[in-house]
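Report on one structure; see the data block that follows.
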Amino acid sequence: MGKKINIKNLPTGYQSFITNGRHSITGDEPLSSKGTDLGFSPEDLILSSLAMCKVATVRYIARKNDWHIEDVDGEFELNVKRGPEGKLSTTVTGKIKIEGNITEEQKAELLKQADACYVHRMIEGDWSIEPIEELAVTAQF
């Protein structure tokens, strides 16, 4: 069985309570989109997923190789442009700072592995998004 998310959208702005059954977060839209700006926007959530996967991959590979690193910090930016016929083109840029007692070659390998993280490969892979159906039962929150 795949991953599952339940979401409850509130009448105020576009506030949404999002849960996977164990953890929850708040989503919303910015004030400029008539939201209340009390949570992450959908774009923030997509970028956060990619950023987290990349920095977690750095730590995973370092641990796997017994390389001693400390803080792993990143800055990521997502830019979306509308092209011909409304097609969207998205560019993500990112930088990761790795602190620790590692060589430049080890650091380069960690950054290379970050670019091959699971979410990055998933986004670049084939997607099939099925048409939405009506929810027959009330989701549990």
List the GluC sites (Glu not before Pro) within region 102-141 that fall in a DSSP loop (any state other than H, G, I, E or B) and whose Cβ has at most 10 other Cβ atoms within 10 Å. Glu133, Glu134
Apportionment of accessible area to carbon and sulfur, the chain, percent (1.4 Å): 53
For the chain, size of Cβ-based charge dipole, Lys and Arg +1, Asp and Glu -1, in debye: 240
The chain: calculated mean residue ellipticity at 222 nm from DSSP helix runs of at least 4, using -39500 (n - 2.57): -9500 deg cm²/dmol
With just the Cα atoms of the chain, tell me how far they stretch along each of the three principal axes, in Å, largest first. 53, 41, 31
Give me the accessible area of Ile129, 1.4 Å probe, in Å² rounded to the nearest 10. 140
Return one whole number: the accessible area per residue of the chain in Å², for a 1.4 Å probe. 81
Pick out, from Tyr60, Ala114, Ile102, the residue whose Cα sits farthest towards the positive end of the charge dipole of region 29-141, with +1 on the Cβ of Lys and Arg and -1 on the Cβ of Asp and Glu. Ile102
Compute, for region 58-130, the length of the dipole vector about the Cα centre, with Cβ point charges of +1 (Lys, Arg) and -1 (Asp, Glu) only. Units Debye, rounded to 20. 180
Please report the antiparallel percentage of DSSP beta bridges with both residues in the chain, rounded to the nearest 5. 95
Just to confirm the filter: which trypsin sites (Lys or Arg not before Pro) across region 2-66 are DSSP coil and have at most 10 other Cβ within 10 angstrom of their Cβ? Lys3, Lys4, Arg22, Lys34
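The values are calculated or read from the model by the stated rules, or taken from the named source; none is laboratory data. What you are looking at is a predicted structure, and each value in this text was computed from that prediction instead of being measured. Cβ atoms come from the backbone with ideal geometry, glycine included; neighbour counts cover every protein chain shown. The accessibility values were calculated without ligands, DNA or RNA, using every heavy atom of the protein model including side chains. Shrake-Rupley method; radii C 1.70, N 1.55, O 1.52, S 1.80 Å.
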